[in-house]
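The values are calculated or read from the model by the stated rules, or taken from the named source; none is laboratory data. Values in this document were obtained by computation on a predicted structure and should not be read as measured data. Glycine also receives a Cβ, built like all others from the backbone with ideal geometry; neighbour counts cover every protein chain displayed.
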Amino acid sequence: MAAIVHEEISVTATATPAPGSALAALRKDQGADALAQLGDASTCDAFLADDDACAFLAVACERAPRTRLRVRLELRAGGGLEALAALVRAAPPRPGALRLAAALAGDAAGARALARRGARHAATKALDDGRTSDAAASLLAAVVSASESDDDDDEGLVAYGSAVFRRTLRGRQRSHSDVGFCTWPSAAVLASLAPQEIPAASRVLELGAGTGLAGLVFASRALCGAVTLSDRKGACLANLREAVAVNDFGACDVTVERVDFCAPPSSIAASYDAVIAADCVYSPETATALVATVRTALKPGGLALVVCAETRVRFGSELVESAFAEEGFEGTVETVTPHALPFLAEAAGYAEGMSFDVHRWRLI
């Protein structure tokens with residue numbers, strides 16, 4: 001599993017760690033290497049069995065929201081959330097485990113995750129039995145609130161050699177032009193291709209980003225350069241800004257801008273080495289507008305990487321190839337039928353055996 005945290009998690013522990021303990025490993029590695037081990041099922045239990053290590057992680061999660069998100073993401077990958085919930089349900093619950101659970105419940109997604117695993121009953125029991133603690137009270141308040149909420153879960157992705165935290169918006173699709181609240185299957189295809197086909201240090205624009213899966217994955221792999229996530233809807237832009245705030249992109253500069261590719265701003269002209277887009281075409285008008293905006297945004301020689309769902313399920317996508325040719329691009333179109341990409345099966349509107357047109361075009 002890739003290391004996904006670059007910030008230090010050094011905090012002061014009250015006890016001197018025993019040589020070979022999980023806490024000793026955490027304090028020695030100071031961050032990414034240690035946290036990555038939490039996603040390995042064979043070592044996750046050893047970390048959770050060390051209550052000093054749990055307390056150490058709790059303090060780190062309390063101090064840094066990004067660390068909290070990544071600890072929860074890694075624990076979930078390694079089955080550690082279930083193990084942590086079991087420790088909290090024990091009689092009496094271990095203090096370090098209880099504090100770590102409370103820290104991980106510090107945002108809505110974490111609270112819901114622990115609520116589903118029985119943390120509400122465990123925290124209530126701890127308080128009823130007279131073992132009052134700030135951690136138990138905090139955990140109970142968080143999971144009670146989560147139990148009363150019907151918000152969608154935030155979703156963490158450990159794939160493509162990186163980790164990304166992104167969120168599907170709650171909102172009703174009212175028309176073909178109001179489609180950015182969920183992740184569409186072409187985004188999963190584009191996320192698998194962009195890091196392989198675009199040089200890591202490129203300046204990249206994602207048009208019609210929606211929930212931002214493809215752009216976030218590329219940015220997490222880019223190491224440097226810049227990525228601009230764009231959409232035209234305010235709710236999508238706010239969600240993208242939250243995703244940028246909680247993810248760690250190292251030296252890559254990631255920004256969010258409002259760009260309506262049917263009426264693009266002049267500020268994007270000749271600014272990008274590559275433009276990516278997924279499932280942005282749903283009419284003949286959007287096909288021509290998308291390609292025209294790609295041409296405006298690209299530097300000479302720049303790459304357009306656009307993925308469209310097959311023409312039988314997307315109006316206008318059959319016009320994308322001719323639109324690129326008419327705008328002076330040179331390139332190819334490849335039809336692919338993937339079966340096992342992360343998020344593909346769960347993407348909105350996906351059906352087994354669905355094909356996608358992958359457009360690769362250079363601006364001459």
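Quick check on region 323-340. Is at least one of its residues within 15 Å of Ala194 (Cβ to Cβ) and touching a helix residue (DSSP H, G or I) at 6+ places or on another chain (Cβ under 8 Å)?
Start the filter on region 323-340 by keeping residues that are within 15 Å of Ala194 (Cβ to Cβ), which leaves 334, 336, 338.
Narrowing further to those that are touching a helix residue (DSSP H, G or I) at 6+ places or on another chain (Cβ under 8 Å): 336, 338.
Yes, because at least one residue in region 323-340 is within 15 Å of Ala194 (Cβ to Cβ) and touching a helix residue (DSSP H, G or I) at 6+ places or on another chain (Cβ under 8 Å).
Scanning region 293-330 for residues that are over 19 Å from Ser186 (Cβ atoms), free of Cβ contacts under 8 Å to residues at least 60 places away in the same chain and under 29 Å from the mean Cα position of the chain (by Cα) returns a single hit, Thr296. Being of a type in the set (A, V, I, L, M) and modelled with pLDDT of 95 or more is the filter; apply it to region 331-364 and report the residue that is nearest to Arg295 (Cα to Cα). Checking each candidate, the answer is Leu363. Restricting attention to region 310-352, the residues that are part of a loop (DSSP other than H, G, I, E, B) and not basic (Lys, Arg) add up to 23. Residues in region 280-309 that are in a loop (DSSP other than H, G, I, E, B) and over 20 Å from Ala238 (Cα atoms): 3 in all.
Per-residue answers, yes or no, for (1) under 15 Å from His359 (Cβ atoms); (2) out of contact with any strand residue (DSSP E or B) (no Cβ under 6 Å at 6 or more places or on another chain); (3) of a type in the set (Gly, Ala, Ser):
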{"site": "Gly234", "(1), (2), (3)": "no, yes, yes"}
{"site": "Cys262", "(1), (2), (3)": "no, yes, no"}
{"site": "Pro265", "(1), (2), (3)": "no, yes, no"}
{"site": "Ile268", "(1), (2), (3)": "no, yes, no"}
{"site": "Val275", "(1), (2), (3)": "yes, no, no"}
{"site": "Pro284", "(1), (2), (3)": "no, yes, no"}
{"site": "Leu303", "(1), (2), (3)": "yes, no, no"}
{"site": "Thr311", "(1), (2), (3)": "yes, yes, no"}
{"site": "Ser317", "(1), (2), (3)": "yes, no, yes"}
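Screening Ala49, Ala55, Ala83, Ala60 for residues that are modelled with pLDDT of 85 or more and in contact with a Cys (Cβ under 9 Å, 6 or more places away or on another chain) leaves exactly one candidate, Ala83. Consider region 82-108 and keep the residues that are surrounded by fewer than 23 Cβ atoms within 10 Å (Cβ to Cβ) and aliphatic (A, V, I, L, M). The one that is nearest to the chain's Cα centre (by Cα) is Ala108. Quick one: Thr286 ticks every box in (1) buried (at least 24 other Cβ atoms within 10 Å of the Cβ); (2) over 26 Å from the mean Cα position of the chain (by Cα); (3) β-branched (Val, Ile, Thr) except a single one, so which number is it? Answer for Thr286: the failing condition is (1).
Please return the ranges of helices (runs of 4 or more DSSP H) entirely within region 172-257 where 1 or more residues are without any contact (Cβ under 8 Å) to a residue 12 or more places away in the chain and either out of contact with any His (no Cβ under 9 Å at 6 or more places or on another chain) or outside the structural domain of Ala269 (by TED's automatic domain parsing) (or both). Show your work before the answer.
Numbers: elements: 185-197, 213-222, 234-246.
In region 172-257, the matching helices (runs of 4 or more DSSP H) lie at 185-197, 234-246.
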